[in-house]
Amino acid sequence: MTQASIETVDKIVREIEPRLVQDRRDFHHYAESGWTEFRTASRVARALADLGFEVHAGRDVLQDEERMGLPEPGVLEDHWQRARAQGGDPRYLEAVKDGFTGVVGILRQGDGPTVGLRFDMDAIDLVESQDADHRPVREGFASVNEGAMHACGHDAHTAVGLGVAEVLVRLRDQLLGTVKLVFQPAEEGVRGAKAMVAAGVVDDVDYMLGMHVYSGWPLGQIDPGRGGFLATSKFDAFLRGTPAHAGGVPNEGKNALLAAATAVLNLQAIPRHREGKTRINVGRLTAGTGRNVIPDRAHLVIESRGETTELNDYVYGYALRILEAAAAMHDCSLEVRAMGGAQSADSDAELRERVEAVVRQTDGLSLREPEPSGGSEDYTYMMARVQERGGLAVNIGVGAQLGGWGHHTAEFDIDERALTIATRLLSVLVLDLAG
């Protein structure tokens with residue numbers, strides 16, 4: 001990548017910086033959680049179309065059967081109507097209805113590699129701080145959607161994606177190949193990527209780039225290839241028994257609460273594995289209806305994790321056996337419902353080195369010492385599919401520290417200068433890979 005090309009990208013990014021901030025604040029103001037990103041997705045699709053991208057949205061880019069953790073139909077309809085009232089684009093609102101809130105923009109520029117970039121769009125189910133010192137409150141862009149807040153930076157990711165789109169359109173004569181901008185729903189709870197992968201969205205990608213801002217890292221500090229993501233399964237277990245009078249005929253009841261309690265204690269006792277890290281957690285147990293009624297129903301909210309996909313499979317399989325045995329012990333029925341999932345993955349060393357080289361050439365950026373993530377991220381499905389098909393994939397961390405609270409808190413915020421840093425870095429990388 002030449003210094004002249006980097007300087008050209010810098011010039012364009014400086015010009016569009018006000019719009020990057022405006023877009024980020026708009027998405028923050030109208031935060032939408034997983035599978036309800038109707039306004040966000042429709043406006044992303046419209047912006048891409050206006051730039052001249054080939055746009056695919058909705059059922060074209062999401063396989064219905066692989067969507068996990070969907071809200072109830074009534075909730076989807078209510079949020080779709082809200083998006084209409086809040087300025088969603090009418091044409092694309094129809095395409096993303098019923099929770100099909102994925103968008104892919106394609107820019108074709110002759111023969112060459114296909115470079116994919118993934119940007120997640122969803123907010124978190126969280127009430128944003130209303131403290132007067134919270135900058136989004138002070139400057140008028142705090143979320144107006146009760147119970148939804150961009151507390152992880154996906155508003156920034158979406159704005160960066162649109163910024164990269166504009167840079168690449170303006171420099172398209174320097175491209176040789178195809179660019180795919182993948183705007184993904186429902187990353188929180190790791191629910192959305194698998195459905196996009198199943199729809200074939202990344203099957204033709206040679207280089208796959210992911211990016212995440214981190215409020216706890218100094219501004220401009222870059223991890224050129226994150227790894228160590230834990231594989232995970234998010235699942236709900238529903239136990240059904242038979243109610244009975246707890247004092248009069250307790251023997252006639254089938255106690256779902258006892259089955260659930262039996263399961264919880266034994267789930268926590270799943271043996272660790274010699275091959276690496278494993279985790280199991282029951283985050284919530286809800287059961288019963290009244291003090292004098294044998295509980296006939298119980299609901300457990302569970303997750304397993306593993307350092308590798310195989311280790312997570314070990315924990316998940318063990319958990320299913322425990323749930324089935326606990327249900328049988330108390331003569332209850334069992335339903336297990338998948339609510340989310342992610343694979344383990346690591347960035348490819350070759351592509352990480354190319355990112356690192358660009359970072360070294362770019363003023364204002366510094367390299368961060370690699371460290372394992374320790375969390376889970378469903379972009380790993382995209383990474384794995386590209387790698388399985390002979391391509392390379394990387395997940396880049398971008399420092400965006402503003403001070404104060406961290407991710408998934410009601411006070412979360414970022415240094416918005418990270419928007420230009422990420423837009424510049426990703427744009428230069430695409431030109432380096434397909435220029």
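Observations, loosely collected:
- Sequence-distant contacts, meaning Cα pairs under 8 Å at least 6 residues apart, place the relative contact order of the chain at 23 percent.
- Multiplying the residue separation of Asp204 and Gln174 by 0.36 nm and removing their Cα-Cα distance gives an extension gain of 8.7 nm.
- Accessible area of the chain divided out per residue, in Å², using a probe of 1.4 angstrom: 40
- Within the shell defined by Cβ-Cβ distances under 12 Å, the residues around Asp413 carry a net charge of -4, with Lys and Arg each +1 and Asp and Glu each -1.
- Carbon plus sulfur fraction of accessible area for the chain, probe 1.4 Å, in percent: 47
- The orientation-averaged projection of the convex hull spanning the C-alpha atoms of region 1-100 amounts to 8.2 square nanometres.
- Label zone at Asn266, where the point sits 7 Å out along the Cα-to-Cβ direction: region 312-346 residues whose backbone N lies under 16 Å: 315-336
- Listed by chain and number, the aspartates and glutamates placed with their C-alpha closer than 15 angstrom to that of Lys11 are Glu166, Asp363; residues fewer than eight positions away on the same chain are left out.
- Positive contributions from Lys and Arg (+1) and negative ones from Asp and Glu (-1), summed over other residues with Cβ under 9 Å from the Cβ of Leu334, come out at -1.
- Bridge orientation summary for the chain: considering DSSP beta bridges with both residues in this region, about 70 percent are antiparallel.
- Stokes-Einstein D for region 234-285, Kirkwood Rh over Cα pairs, 25 °C, 0.890 mPa s (µm²/s): 184
- Exposed-loop-free span, longest in the chain, where trypsin sites (Lys or Arg not before Pro) count as exposed if DSSP calls them loop and at most 13 other C-beta atoms lie within 10 Å: 1-271
- Residues of type lysines that Lys234 reaches as a straight line, Cα spacing below 16 Å, ignoring anything fewer than 8 places off in the same chain: Lys194
- Kyte-Doolittle mean at least 0.0 and Cα axial length at least 15 Å: DSSP H helices in the chain: 38-51, 154-170, 256-267, 309-329, 417-434
- Long-range Cα-Cα pairs in the chain (distance over 35 Å), rounded percent: 32
The values are calculated or read from the model by the stated rules, or taken from the named source; none is laboratory data. Not measured: the values here are computed from a predicted model. Positions of Cβ are backbone-derived with ideal geometry, glycine not excepted, and every protein chain shown enters the neighbour counts. Side chains are part of the model used for accessible areas, which takes the heavy atoms of the whole protein and leaves out ligands, DNA and RNA. Shrake-Rupley method; radii C 1.70, N 1.55, O 1.52, S 1.80 Å.
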